[in-house]
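First up is the structure itself, then whatever we jot down about it.
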Amino acid sequence: MSKVFDFIIVGAGSAGCVLANKLSMNPKTKVLLLEAGGSDNKFWIKTPLGYAKTFSDPSVNWCYSTAPDIGLNGRTAYWPRGRVIGGSSSINAMAYLRGLPHDFDDWETAGAKGWGWETVRETYEALETQVELNPDGTKKFQGNGPLIVSDLSKNMHPFSQHFLRAATEMGWPLAGNLNGKDTEGLMTLRSTVKNGRRWSSADAYLRPALKRPNLCVIKAAKVQNITINGTRATGLTYQKGGEIHTVEAIAEVILSAGAINSPQLLQLSGIGPGGLLKNHGIPVRHDMPQVGEGLQDHLAVNHYFHATEPTLNNCLGHPVKKIFAGMQYILTREGPLSVPVNQISGFVRSTPDATVPNVQIYANPISYSTQADGSTVVEPNAGFLLCAQPCRPSSRGTVHIAANDPNVAPTIQPNSLSTQKDCDMVVTAGKLLAKLAQTPAIQRVTKTRLNPDITTLSNAGILENFRNRASTVFHPTSTCRMGSDKTTSVTDSHCRVHGLQALRVIDASSFPNLTSGNTNAPVVMLASRAASLILKPS
Ligand SMILES: Cc1cc2nc3c(=O)[nH]c(=O)nc-3n(C[C@H](O)[C@H](O)[C@H](O)COP(=O)(O)OP(=O)(O)OC[C@H]3O[C@@H](n4cnc5c(N)ncnc54)[C@H](O)[C@@H]3O)c2cc1C
């Protein structure tokens, strides 16, 4: 195998697959894509509901844990991240939301020039094929991009209609499509699913490029550190099968290892906060105070209800019916296994005077519990859950190496609820959820509100319950964020690491701030636009 490439990309996740495709379009450009995990050709990856299985499966998942988090009453939290071809897009819940216009305008304000809403909207439109449904149930296709985004309402549980009725009773609009003109209201969630199968970044971008002789993909290759010569990244070392390999990049090294591993790799390579590196005996090649700083994530807490009508529990909570659903899926690619459990979602205002929608609602026709090992147990009785998640937390945490060793997981400190604004939003969102739980449409189908009953909690009780029970929504971002200079950011608005040549970070780490909604769509958009900036720098 050649050891010299034009571009070397680290990580075949949501971002890395996009880059591998776009940078290898020119047959003269040699591209190497290195992925620590293995093949994504697995039943539970391809089956939409299979994410309950991959959620805690170490064969496809880094299975990280955070440090004790004071804002969550000292609890540590389980943080799954994909370690497989497709990265987290192979194990995520497939919800597709672009984010809201002001999220990206705030990127621009933070110094990421050229990433405002009007520009990124065009990138979204080019990358998506939206599969919508006509009133008679037939499909209509919008756009011509590689990422398939489907309206799965035909296969959603009929119970979900109660959530839409409750939304109307709350005075919330019913959004036609939050990935189009609408920016507010609830809708049947759109998903990266094609014909009943997960449609990851690997399916959309990597697979179509695999036959190109100028693209080399190496699985089970764990990058150890980047080689720096003077101020230029010239290649990297990776471990595969117990051996260390060295490869050279003529044009660029691109880190797309995700919001936890990209800052870890920079720090292991001597690029990061000088004090941290010295503490671990790493020579400081480029003192960059912001590498691993700025971590943001969504936090939420589910409130569970027993239902008076059948929900997904009546099928997925019963061994025999579960087998039947499995057979239905294998034979027809339809039924409960073909749809993620997040069925109704959208953006609403926490109070009427909020200037933008600032809470994401989730309403799922299922209740379950998550065990200490991360596995999920569906209850046998009919149940459902409601959840109100603040869209734009302001708390920021850190990702710091814990040792000068690529095999030691970094220390993740989310610093959850470390601003008063975030604590206040938790209370406001909780009160909104209590109102939703008391709408006639929800009350009609509620048998019991399970403890803690959100409608009975005081403001202090809502916050304390959140501190005791909230979990990540799996959206870490911003640990190598774009911005104007190295005192406040890690890269410029072309994702180039400040002060170094031939080194970029392009993945969820690059977000100047977390966006409203789920993060896979903005990561794919970011990688898609960053690839254009690499190929046609302005
Ligand atoms: C359980 C879960 C559910 C989620 N649900 C949703 C959802 O429903 N909708 C949504 O929009 N978003 C969701 N997300 C978030 C979304 O999937 C991520 O934001 C997005 O995939 C991140 O993309 P990325 O390219 O930054 O990182 P990733 O996709 O995580 O890719 C990083 C890749 O780099 C590889 N890598 C890391 N270190 C190394 C190394 N040293 N050497 C080689 N390779 C390395 C990893 O193995 C991985 O494949 C979810 C995430 C999880 C984990």
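FYI, it's all coordinate maths here, none of it is from the lab. Keep in mind that what you see is a predicted model, and the values were worked out from it rather than measured. Every residue, glycine among them, receives a Cβ derived from its backbone with ideal geometry; neighbour counts consider all protein chains shown.
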Could you pull the Rg and Dmax for region 257-390, using just the Cα atoms, both in Å? 22.3, 63
Which percent, to the nearest 5, of DSSP beta bridges fully inside the chain are antiparallel? 70 percent
Give K211/K240; K53/K421; K30/K240; K42/K447 a once-over and call out the pairs whose C-alpha atoms are over 32 Å from each other. K53/K421; K42/K447
Cβ neighbours within 10 Å, averaged per peptide: list 367-373, 110-116, 264-270 in order, most packed at the top. 264-270, 110-116, 367-373
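Taking N as the number of residues in region 435-522, what is its Cα Rg relative to 2.2 N^0.38 Å?
Values: Rg = 20.8 Å, N = 88, 2.2 N^0.38 = 12.1 Å.
Dividing the Cα Rg of region 435-522 by 2.2 N^0.38 Å gives 1.73.
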Calculate how steeply helix 160-169 sits against the longest principal axis of the alpha-carbon atoms of the chain, using the helix alpha-carbon long axis, and give the answer as 0 to 90 degrees to the nearest 10. 80 degrees
With the cut-off at 28 Å, tell me which of the pairs K486/K536; K3/K113; K46/K435 have Cα atoms farther apart than that. K3/K113; K46/K435
Scattering from the C-alpha atoms of the chain alone, worked out with Debye: what is log10 I(q)/I(0) at q = 0.07, 0.09, 0.10 1/Å? -0.37, -0.62, -0.77
Just the Cα atoms of region 227-294, one point each, no solvent: what log10 I(q)/I(0) does Debye give at q = 0.18 Å⁻¹? -0.74
Determine the relative contact order of the chain: mean sequence separation of Cα pairs under 8 Å and six or more apart, normalised by residue count, in whole percent. 22 percent
So for region 87-190, taking the charge dipole from beta-carbon charges (+1 Lys/Arg, -1 Asp/Glu), which of I91, L174, N155 sits furthest toward the positive end? N155
So what does log10 I(q)/I(0) come out to for region 416-474 at q = 0.20 Å⁻¹, using the Debye formula with one equal point on every Cα and no solvent? -0.79
If you bin the C-alpha pair distances of region 144-265 every 5 Å from 0, what whole percents do you get? 2, 8, 11, 13, 13, 10, 9, 9, 8, 7, 5, 3, 0
Over the Cα atoms of region 320-479, what is the Rg over Rh ratio if Rh follows Kirkwood? 1.02
Please give the per residue volume of the convex hull enclosing the alpha carbon atoms of region 1-84, rounded to a whole number of Å³. 149 Å³
